[in-house]
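Asker: The structure that follows is given in the form of structure tokens.
The values are calculated or read from the model by the stated rules, or taken from the named source; none is laboratory data. Fair warning: this is a prediction, and the values are worked out from it, not measured in the lab. No Cβ is skipped: glycine too gets one built from the backbone with ideal geometry, and neighbour counts run over all protein chains shown.
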């Protein structure tokens with residue numbers, strides 16, 4: 001009798017095992033079906049207007065208008081957000097002479113952000129009655145009238161806007177401490193036969209300084225300390241070169 005009971009017990013369990021296997025198989029089928037529909041949804045999303053760019057943000061620009069950057073990038077609303085070709089578009093933006101670097105990033109679900117870094121404006125090249133803003137890379141921008149001069153950088157006199165000296169001076173000005181650049185009113189290009197890269201600086205404190213383009217940043221570094229030691233009653237020229245020295249102006253005796 002006990003053996004018959006065991007046989008019956010096992011037989012009773014067979015439908016339960018079959019049901020569990022059936023449920024497991026159904027779950028697998030359901031998972032495959034859901035995965036299939038998910039793939040369909042993704043494919044439809046990629047091919048539909050739902051993946052189109054709705055908003056384009058531009059950050060970091062001060063010298064260049066947003067419209068100019070957007071046109072250079074070639075980005076437009078409605079473009080597929082997953083097919084932006086960021087590298088090519090970033091390169092196109094940096095072809096603008098004011099732009100040093102550019103980064104394009106997706107902001108899901110439908111936005112794109114362009115972040116640019118512009119070359120610093122380091123001076124204004126005098127050109128008749130107008131001034132050409134000079135960038136760090138030596139490029140000059142469209143002229144601005146005298147009345148619109150901002151005064152946030154020194155005026156540069158005696159330079160050609162396509163001169164290599166400008167590019168070198170631009171790099172030197174960026175490497176110079178802002179508090180020193182802020183004390184420079186004008187920079188004149190005054191080359192001589194023995195000093196082909198000599199500059200004459202007129203400072204806001206009234207001093208006249210001579211230095212060279214290629215060593216500008218390094219030579220001007222100690223200017224505040226040197227200028228503080230000058231006798232305000234004496235007139236002359238301060239030479240900020242390898243070894244700073246002051247040369248007093250000689251006055252003709254009557």
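Asker: Would you pick out the residues in segment 174-190 that are touching a strand residue (DSSP E or B) at 6+ places or on another chain (Cβ under 8 Å) and modelled with pLDDT of 95 or more? I'd like the intermediate steps shown before the answer.
Answerer: Going through segment 174-190, the residues touching a strand residue (DSSP E or B) at 6+ places or on another chain (Cβ under 8 Å) turn out to be 174, 181, 183-190.
Selection gives 181, 183, 184, 185, 186, 187, 188, 189, 190.
Asker: Another one. Tell me which residues, restricted to segment 170-196, are in contact with a helix residue (DSSP H, G or I) (Cβ under 7 Å, 6 or more places away or on another chain) and surrounded by 16 or more Cβ atoms within 10 Å (Cβ to Cβ).
Answerer: 172, 173, 176, 180, 181, 189
Asker: Shifting gears a bit: Could you look through segment 85-108, keep only residues that are in contact with a helix residue (DSSP H, G or I) (Cβ under 9 Å, 6 or more places away or on another chain) and farther than 19 Å from residue 137 by Cα, and pick out the one that is surrounded by the fewest Cβ atoms within 10 Å (Cβ to Cβ)?
Answerer: Going through the qualifying residues, I end up with 105.
Asker: Return yes or no: is residue 150 surrounded by 17 or more Cβ atoms within 10 Å (Cβ to Cβ) and in the same structural domain as residue 127 (by TED's automatic domain parsing)?
Answerer: Values: surrounded by 17 or more Cβ atoms within 10 Å (Cβ to Cβ): no; in the same structural domain as residue 127 (by TED's automatic domain parsing): yes.
In short, no.
Asker: Answer yes or no as to whether residue 238 is buried (at least 17 other Cβ atoms within 10 Å of the Cβ) and either within 20 Å of residue 135 (Cβ to Cβ) or in contact (Cβ under 8 Å) with a residue 40 or more places away in the chain (or both).
Answerer: Taking the combined requirement at face value, the residue does not satisfy it.
Asker: Same structure again: In the list 28, 21, 13, which residue meets the criterion of being modelled with pLDDT under 70 and in a helix (DSSP H, G or I)?
Answerer: Sole residue among the options that is modelled with pLDDT under 70 and in a helix (DSSP H, G or I): 13.
Asker: With the checklist (1) under 17 Å from the mean Cα position of the chain (by Cα); (2) not in a strand (DSSP E or B) in hand, flag the one item residue 113 doesn't pass.
Answerer: Result: residue 113 passes all but (2).
Asker: Tell me the residue from 100, 77 that is in contact with a strand residue (DSSP E or B) (Cβ under 6 Å, 6 or more places away or on another chain) and either outside the structural domain of residue 135 (by TED's automatic domain parsing) or assigned to a strand (DSSP E or B) (or both), please.
Answerer: Just one listed residue meets the conditions, 100.
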